[in-house]
Amino acid sequence: MEKLVIEGGKPLNGEVRISGAKNAALPLIAATLLAPGVHVLHNVPDLRDTRTILRLLESLGLVWEREGTTLKIDGSGLRYSEASYELVKTMRASVLVLGPLLARLGRAKVSLPGGCAIGARPINFHLMGFEQLGVCCELEHGYVDAHIEGRMQGGTVYFDIPSVTGTENLLMAASLAKGETVIKNAAREPEIGNLIDMLSAMGAEIEGKGSDRLVVHGVEQLTAAESTIIPDRIEAGTYAIAIGAAGGDSIIKGCDPGHLPSLLEKLRLAGIKIEVGEDYLRVMASPLKNSIHPVDVTTMPYPGYPTDLQAQFMALMACSSGLSVIHETIFENRFMHVAELQRMGATIQIDGRIAMVKGLENKRLKGAQVMATDLRASSSLVIAGLAAEGRTDISRIYHLERGYENMVDKLTGLGAAVWKENE
């Protein structure tokens, strides 16, 4: 097993290019189950999670090939409807095959998903939505067993809380349902817009892109299509925060600044200079000069501050000049990185879903041996290590590799001293 080693204290200067979005690639890959023929997906990141869902598609009868960042997936061979625990246990997004399998085969048996231990993240929203379309859903022996005779029937689905994967699953299922399906209080993330674009290219009829009310007019069949994965806004945000914490002057290329409105505002409030271009960000920060101002953050559904950038921002606030309050409203167990940041000298107190972070002002975090507990927590430790004095060893970096492509090479390109070692 490998660990990540960082010698901190080096400002980040240069350019870094953002990969395709993990959270967009996974539903688009799952959508290839909806129609026979060869689907072509561009800008697909090579990550543990994308490799996992491709193995899952293989187990269902599909074949695929990759050339660079382009995937060709042939949906013609779909013949199985069961996704085993062994394939699903490492990634919660595996549940996204439920909707396409039900739409195309009328049956799906999928193991309850695994992934990061950041909260319950129940799939009850998915099942409730399917039941509104006439599907019979049963939970037994750790599996969701769902089936329907004939086509699903359109209906109205209301989410009490916007669910990204729930919205995506219902969109895919409803695309082949009979009649009209209305999804109210739908999630509005850019990744959902990316999926709608692909489904539309396949022949789906969907209204309301970008809003919290989506209307799907079901069609009898879909066809293979060509689509491009949007840039990863969470990766872009992670590098922007890292530059702010370590200091430096860097350009983040190949991103969409319009997908990060709340983060950019918080970074500016923290005293970090941001220059916004059509497809790039320039981030300028002065290292080790007590220049990071404390800023409060409350995570919210898009376009609010993303929960996937909460841990990273906490690492930045640990280097600030005062007290900040971070309120996590999305997941109930997303403060597991706090204990590891404390090992590096951060002063953080937890009260339920609220973290009070007292910045170190003129002092620096100290390098330490720490352990990644989930995907975004691991990137917060990378940020802390870059800003810290001395050496930081981060174990269990397989979490990091689930969502960040070539992070070592990208950070090295910015002048960071970072490498992998065997534990």
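The values are calculated or read from the model by the stated rules, or taken from the named source; none is laboratory data. For clarity, every value in this text was computed on a predicted model and none was experimentally measured. As a convention, Cβ positions derive from the backbone with ideal geometry for all residues, glycine included, and neighbour counts pool all protein chains shown.
Quick notes on this structure:
- Any hit, the stretch 60-70, residues being more than 27 Å from Ile148 (Cα to Cα), assigned by TED's automatic domain parsing to the domain that holds Ile192 and touching a residue at least 40 places away in the same chain (Cβ under 8 Å): yes
- The stretch 351-370, residues that are of a type in the set (A, V, I, L, M) and at pLDDT 95 or above: Ile354, Ala355, Met356, Val357, Leu365, Ala368, Val370
- When the test is whether a residue is surrounded by 16 or more Cβ atoms within 10 Å (Cβ to Cβ) and either at pLDDT 95 or above or over 22 Å from Asn169 (Cβ atoms) (or both), Thr69 passes it.
- Exactly one residue out of Leu133, Leu101, Leu105, Leu127 is at pLDDT below 95 and of a type outside the set (Phe, Trp, Tyr), and it is Leu127.
- Condition check for Gly352 on (1) without any contact (Cβ under 8 Å) to a residue 40 or more places away in the chain; (2) surrounded by fewer than 18 Cβ atoms within 10 Å (Cβ to Cβ); (3) at negative phi: one failure, at (3).
- Every condition in (1) of a type outside the set (A, V, I, L, M); (2) under 26 Å from Ala186 (Cβ atoms); (3) buried (at least 17 other Cβ atoms within 10 Å of the Cβ) holds for Gly106 except the one numbered (3).
- Residue ID - farthest from Ala187 (Cα to Cα), chosen from residues in the stretch 130-157 that are part of a loop (DSSP other than H, G, I, E, B) and either in contact with a His (Cβ under 9 Å, 6 or more places away or on another chain) or outside the structural domain of Ala186 (by TED's automatic domain parsing) (or both): Val135
- Of residues in the stretch 240-288 being surrounded by fewer than 16 Cβ atoms within 10 Å (Cβ to Cβ) and basic (Lys, Arg), the one nearest to Met317 (Cα to Cα): Arg268
- Unique residue being in contact with a strand residue (DSSP E or B) (Cβ under 9 Å, 6 or more places away or on another chain), farther than 27 Å from Pro36 by Cβ, buried (at least 16 other Cβ atoms within 10 Å of the Cβ) and not hydroxyl-bearing (Ser, Thr, Tyr) when the list is Leu101, Leu112, Leu139: Leu112
- Test for Leu386: is it in contact with a Gly (Cβ under 6 Å, 6 or more places away or on another chain) and either part of a loop (DSSP other than H, G, I, E, B) or not small (Gly, Ala, Ser) (or both): yes
- So Thr90, is it at pLDDT 95 or above, assigned by TED's automatic domain parsing to the domain that holds Met202 and among the β-branched types (Val, Ile, Thr): no
- Residues of the stretch 313-340 that are closer than 22 Å to Ile292 by Cβ, acidic (Asp, Glu) and under 19 Å from the mean Cα position of the chain (by Cα): Glu328 alone.
- Yes/no for Leu57 being modelled with pLDDT of 95 or more, crowded, with 18+ Cβ neighbours inside 10 Å, of a type in the set (A, V, I, L, M) and more than 28 Å from Tyr398 (Cβ to Cβ): no
- For the stretch 24-37, the condition holds for no residue, the condition being that it is under 25 Å from Gln132 (Cα atoms), among the aliphatic types (A, V, I, L, M), at pLDDT below 95 and assigned by TED's automatic domain parsing to the domain that holds Leu195.
- Leading residue by the ranking (surrounded by the most Cβ atoms within 10 Å (Cβ to Cβ)) among those in the stretch 208-231 that are farther than 16 Å from Glu189 by Cβ and not hydrophobic (A, V, I, L, M, F, W, C): Ser227
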